[in-house]
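Notes follow once the structure below has been shown.
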Amino acid sequence: MSSEYEPKVLMFTCNWCSYAAADLAGTSRMKTPHNIRIVRVMCSGRVDPQFIIEAFAQGADGVIVSGCHPGDCHYMEGNYKALRRMLLLRKLLGQLGIEPERLRLEWISASEARKFVEITTDTAEKLRKLGPLKPRLDYVRKIMEEVVK
Amino acid sequence: MSPKVRVALYWLASCGGCEESQVDAISDKIDIISNLEIVFWPVAMDFKKEDVEKLPDESIDVAIINGGVRFKEHVEMVKLLRRKSKIVIAYGSCASWGGIPGLANLYDINEVLSKVYSEVPTLQEKGVMPRPKSVTNEGMEIELTEVLPMLLPLDAVIDVDYYIPGCPPTPETFLKALETLLSGNLPPRKSVIGASTRALCEECPLNKTKPDKVLIKEIRRIYNTKIDPSKCLLVQGIPCLGPVTRGGCNAKCPRVGSPCIGCYGPLDKHIDYGAKAISFIASILDLNDENEIKKALDNGIPDPAGLIYKFTLPASRLKVNLKRGEHK
């Protein structure tokens with residue numbers, strides 16, 4: 001069972017740096033893990049914590065939010081906002097039974113295709129070790145269904 | 001004279017505050033009371049479950065239910081009331097989203113029970129757990145309802161037509177909701193009635209002292225902070241939940257220098273109240289260094305779930321601490 005498990009990772013990349021890095025990795029024919037699903041947003045500061053909670057609730061095993069390096073944000077300070085949000089959200093996720101490691105915040109500039117590959121590969125590897133979230137979600141769903149029955 | 005409106009009132013896992021607010025609201029409104037015929041109200045009148053069972057289906061005009069669903073008995077009762085009623089209203093935070101008792105969802109039910117029955121100080125014999133079945137001294141076998149593994153809001157079990165928010169809803173909120181219901185001009189189903197559609201800040205008298213952009217260097221807690229009741233609490237570093245909470249209570253708490261704790265719940269467009277609260281708290285914190293942010297969060301918000309899900313955890317997207325039960 002565990003050998004078949006492949007984590008699903010949702011990744012938010014900012015339009016100006018991280019998405020360009022993903023693009024560069026692709027055009028440079030670098031190998032990225034198939035576990036990553038990318039959503040391009042204009043800025044990491046656009047990523048509402050609701051999106052992340054929703055992702056976990058719908059079965060993502062991990063979420064990566066990535067933006068420009070501190071000081072390089074296209075919108076001046078959107079990535080700092082993302083940093084504060086993710087730090088608080090990680091604390092909350094711990095209380096809700098989701099390992100804080102499942103939410104990752106990374107700075108990847110437009111030229112760092114290699115870093116993009118390293119981070120996505122590493123995330124997939126770590127999540128494989130952590131195991132799936134689905135059984136936990138199913139357990140709650142089962143309780144709720146039994147109650148309503 | 002038009003026929004009276006037949007009302008059933010019921011309580012689930014609740015503290016009784018909702019009943020207080022209902023009584024406060026209508027005890028001097030003779031014109032409203034004379035329009036109501038109460039067919040079920042266990043807290044104040046002698047009705048039994050059989051009385052409700054005998055009623056024809058959909059013969060109750062409005063069932064007003066408060067409290068969260070905590071026991072099997074609750075599930076049975078609300079299903080019965082749903083069948084017998086035309087309109088079902090979730091009254092108060094507990095019925096709407098789980099409320100404060102919903103924070104028990106952060107723990108496994110066995111942990112909760114052992115905390116309550118064997119750990120907390122008591123004069124009774126410790127460690128006596130509730131048993132579903134027991135025999136009395138007279139040899140009679142009696143049954144006790146079973147506790148559910150998690151607390152659920154009312155709409156997780158039955159269809160709910162309207163919500164009246166608040167912990168408890170203020171009497172003014174209840175009266176407004178009653179006015180809406182009695183007017184016959186019903187709003188779309190599933191909507192929140194009696195409260196505002198805008199954030200609490202809009203009706204807060206301190207709002208005029210709030211600058212366009214609130215920036216704080218430190219998150220403070222009320223137990224060790226001297227609060228100036230004439231100034232917006234956010235500016236003073238207190239995480240007041242006014243910006244993300246539905247208005248309608250007339251800003252009762254911030255008005256007296258106490259932060260909003262979110263009892264009127266999410267606004268219409270929110271998917272997850274707590275995530276929205278995180279978003280705004282992180283936005284007003286004016287720090288950019290990772291370690292400084294961590295320190296500010298650890299000092300100011302030691303218990304994020306207790307702050308931002310105080311009333312809404314069972315209705316949030318994740319609902320519980322997922323690492324419970326067999327996964328512990």
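The values are calculated or read from the model by the stated rules, or taken from the named source; none is laboratory data. What you see is a predicted model; the values in this text were computed from it and never measured. Note that we place each Cβ from the backbone using ideal geometry, even for glycine, and neighbour counts take in every protein chain shown.
Taking the condition of being over 17 Å from residue B:267 (Cα atoms), within 8 Å of another protein chain (Cβ to nearest Cβ) and of a type outside the set (A, V, I, L, M, F, W, C), how many residues in the stretch B:311-328 meet it?
7
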Worksheet entry | residue A:72, sole failed condition from (1) touching a helix residue (DSSP H, G or I) at 6+ places or on another chain (Cβ under 9 Å); (2) without any contact (Cβ under 8 Å) to a residue 24 or more places away in the chain; (3) of a type in the set (Asp, Glu) | (2)
Worksheet item: Quick one: residue A:118 ticks every box in (1) away from chain B (no Cβ under 14 Å); (2) among the acidic types (Asp, Glu); (3) in contact with a helix residue (DSSP H, G or I) (Cβ under 7 Å, 6 or more places away or on another chain) bar one, so which box is it?
Response: (3)
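Of these, B:281, B:308, which one is surrounded by 21 or more Cβ atoms within 10 Å (Cβ to Cβ), at the interface with another protein chain (Cβ under 7 Å from one of its Cβ atoms) and within 28 Å of the chain's Cα centre (by Cα)?
Working: B:308 fails: at the interface with another protein chain (Cβ under 7 Å from one of its Cβ atoms).
Of the residues listed, the single one that is surrounded by 21 or more Cβ atoms within 10 Å (Cβ to Cβ), at the interface with another protein chain (Cβ under 7 Å from one of its Cβ atoms) and within 28 Å of the chain's Cα centre (by Cα) is B:281.
With within 10 Å of chain B (Cβ to nearest Cβ), more than 30 Å from residue B:79 (Cβ to Cβ) and touching a strand residue (DSSP E or B) at 6+ places or on another chain (Cβ under 9 Å) as the only criterion, which of A:133, A:127 stands out?
Details: A:127 fails: within 10 Å of chain B (Cβ to nearest Cβ).
Only one candidate qualifies: A:133.
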Discussion item. Among the residues of the stretch A:24-59, what is the count of those that are more than 14 Å from chain B (Cβ to nearest Cβ) and in contact (Cβ under 8 Å) with a residue 60 or more places away in the chain?
Written reply: 9
Worksheet item: For the stretch B:311-322, what are the residues that are crowded, with 19+ Cβ neighbours inside 10 Å and assigned to a loop (DSSP other than H, G, I, E, B)?
Response: B:311, B:312, B:316, B:318, B:319, B:320, B:321, B:322
Practice prompt. Give just the number: which of (1) within 14 Å of the chain's Cα centre (by Cα); (2) surrounded by fewer than 18 Cβ atoms within 10 Å (Cβ to Cβ) does residue A:56 not satisfy?
Written response: (2)
Worksheet item: If you check residue B:180 against the conditions, is it in the same structural domain as residue B:73 (by TED's automatic domain parsing) and β-branched (Val, Ile, Thr)?
Response: yes
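Of all residues in the stretch B:284-305 being in a loop (DSSP other than H, G, I, E, B) and over 27 Å from the mean Cα position of the chain (by Cα), which is nearest to the other protein chains (Cβ to nearest Cβ)? Don't jump to the end; show me each part of the working.
Restricting attention to the stretch B:284-305, the residues satisfying the condition of being in a loop (DSSP other than H, G, I, E, B) are B:286-289, B:301-303.
Adding the requirement that they be over 27 Å from the mean Cα position of the chain (by Cα) leaves B:286-289.
Values: B:286: 9, B:287: 7, B:288: 5, B:289: 9 Å.
The qualifying residue nearest to the other protein chains (Cβ to nearest Cβ) is B:288.
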Practice prompt. Name the single residue, out of those in the stretch A:97-115 being out of contact with any Ser or Thr (no Cβ under 7 Å at 6 or more places or on another chain) and more than 17 Å from residue A:72 (Cα to Cα), that is nearest to the other protein chains (Cβ to nearest Cβ).
Written response: A:97
Discussion item. Going residue by residue through the stretch B:205-218, is there one that turns out to be in a loop (DSSP other than H, G, I, E, B), crowded, with 19+ Cβ neighbours inside 10 Å and in contact with a Pro (Cβ under 7 Å, 6 or more places away or on another chain)?
Written reply: no
Response to the item:
Note on the stretch B:243-278: residues within 11 Å of chain A (Cβ to nearest Cβ) and among the charged types (D, E, K, R) are B:269, B:272, B:276
Worksheet item: Has the stretch B:42-53 got any residue that is over 24 Å from the mean Cα position of the chain (by Cα), among the β-branched types (Val, Ile, Thr), in a helix (DSSP H, G or I) and on the phi < 0 side of the Ramachandran plot?
Response: yes
Discussion item. Going through A:71, A:94 one at a time, which residue ends up being at positive phi and within 11 Å of chain B (Cβ to nearest Cβ)?
Written reply: A:71
Discussion item. Looking only at residues that are touching a residue at least 12 places away in the same chain (Cβ under 8 Å) and closer than 30 Å to residue B:91 by Cβ in the stretch B:112-137, which one is farthest from the chain's Cα centre (by Cα)?
Written reply: B:132
Discussion item. Looking only at the stretch B:5-39, how many residues end up being of a type in the set (Asp, Glu), assigned to a loop (DSSP other than H, G, I, E, B) and surrounded by 13 or more Cβ atoms within 10 Å (Cβ to Cβ)?
Written reply: 0
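Could you pull out every one of the helices (runs of 4 or more DSSP H) wholly within the stretch A:63-149 that has 1 or more residues that are surrounded by fewer than 20 Cβ atoms within 10 Å (Cβ to Cβ), modelled with pLDDT of 95 or more and under 16 Å from the mean Cα position of the chain (by Cα)? Full working, then the answer.
Values: elements: A:78-95, A:113-130, A:134-148.
Helices (runs of 4 or more DSSP H) meeting the threshold: A:78-95, A:113-130.
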Worksheet item: Mind checking which residues of the stretch B:115-141 are loosely packed, with under 10 Cβ neighbours inside 10 Å and in contact with a Lys or Arg (Cβ under 8 Å, 6 or more places away or on another chain)?
Response: B:141
Worksheet item: Going by the conditions given, is residue B:271 surrounded by fewer than 20 Cβ atoms within 10 Å (Cβ to Cβ) and either in contact (Cβ under 8 Å) with a residue 24 or more places away in the chain or touching a Ser or Thr at 6+ places or on another chain (Cβ under 6 Å) (or both)?
Response: yes
Response to the item:
Output for Cβ contacts, cut-off 6 Å, separation at least six or different chains, first residue closer than 14 Å to residue B:6 by Cα in the stretch B:39-61, second modelled with pLDDT of 95 or more and exposed (fewer than 14 other Cβ atoms within 10 Å of the Cβ), reads B:58/B:86; B:61/B:86
Item to complete: Test each condition in (1) over 16 Å from the mean Cα position of the chain (by Cα); (2) surrounded by 21 or more Cβ atoms within 10 Å (Cβ to Cβ) for residue B:165 and report the one that comes out false.
Response: (1)
